[in-house]
Amino acid sequence: MSVDVLDLKCRNCGAPLEIGAKKCEYCDGPVAISTFNSVATMPLPMVNKYAMSYQRDLSAEPDNNEGNTAIAYCYLKLKMYDKALTYFERAVVDNFDNSEVYFYAAICCLGGKRAFLSQKSAINKAEEYLNAAVMIEPKGIYYYLWAYIKYDYYKMKFLNSKPDFKEMLNMAESIGVSVYDKEQLFNILNAEKPSVL
């Protein structure tokens with residue numbers, strides 16, 4: 001009878017990892033990417049190493065939910081919005097109760113450009129994802145992104161949309177959204193924050 005030995009290695013530097021470790025003791029990188037904050041401050045070459053490592057794992061097991069979510073966060077950090085969206089959509093299939101996956105999928109729908117420049121189909125898809133996110137867990141930042149879409153797409157094109165951006169903004173502020181979250185959102189969106197927001 002053969003026994004499989006679990007060989008845990010850091011996805012960044014390849015150093016051996018202890019079972020239960022949260023960070024690599026050699027490079028200080030996270031053992032696993034589970035949120036966007038895991039990659040938010042990482043240098044891009046390091047994010048790329050993680051993405052390649054998850055890609056290898058997913059080639060053997062393409063329906064791995066944690067792997068799909070992790071690689072989606074990596075591609076989002078690398079501003080590869082189309083690739084990130086593909087993996088967020090895969091992650092949603094088996095992880096339909098994670099509001100953040102829907103939120104970041106909505107960001108990816110805008111493709112790294114202003115909402116104003118997006119196709120209506122992309123806006124519709126982003127709003128579907130945001131609707132799913134707020135139904136799971138209403139967070140201020142979700143409504144804030146929605147307020148941005150309502151302003152930059154609908155208001156700037158003189159299109160009627162209910163609720164309008166002011167109502168969405170009021171909802172975001174009533175639930176609570178930090179200045180840091182707003183700044184991070186527009187950094188991820190790769191867009192300039194409108195002064196009205």
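Can you spot a residue in the stretch 153-166 that is within 25 Å of N37 (Cβ to Cβ) and in contact with a helix residue (DSSP H, G or I) (Cβ under 7 Å, 6 or more places away or on another chain)?
no
Of the numbered conditions (1) outside any loop (DSSP other than H, G, I, E, B); (2) in contact (Cβ under 8 Å) with a residue 12 or more places away in the chain; (3) not assigned by TED's automatic domain parsing to the domain that holds K49, P138 satisfies every one except a single condition; which is it?
Condition (1) is where P138 drops out.
Do any helices (runs of 4 or more DSSP H) lying entirely in the stretch 5-121 carry at least 1 residues that are of a type in the set (S, T, Y) and within 23 Å of A133 (Cα to Cα), and which ones are they?
37-40, 65-77, 81-94, 99-109
State which residue pairs qualify: first residue surrounded by 15 or more Cβ atoms within 10 Å (Cβ to Cβ) and inside the stretch 166-186, second residue assigned to a helix (DSSP H, G or I) and β-branched (V, I, T) in any location, beta carbons under 8 Å apart, and separation of 6 or more residues or different chains.
From residues that are surrounded by 15 or more Cβ atoms within 10 Å (Cβ to Cβ), the pairs are A172/I141; V177/I141; D181/I141; K182/I141; L185/I107; L185/I141.
Rundown of residues vs (1) hydrophobic (A, V, I, L, M, F, W, C); (2) more than 21 Å from Y104 (Cβ to Cβ); (3) at pLDDT 90 or above; (4) touching a helix residue (DSSP H, G or I) at 6+ places or on another chain (Cβ under 7 Å), yes/no style:
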site	(1), (2), (3), (4)
K9	no, yes, no, no
P30	no, no, yes, yes
N48	no, no, yes, no
A51	yes, no, yes, yes
Q55	no, no, yes, yes
N68	no, no, yes, yes
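The values are calculated or read from the model by the stated rules, or taken from the named source; none is laboratory data. What you see is a predicted model; the values in this text were computed from it and never measured. Don't worry about glycine lacking a Cβ; one is built from the backbone with ideal geometry, like all the others, and counts go over all protein chains shown.
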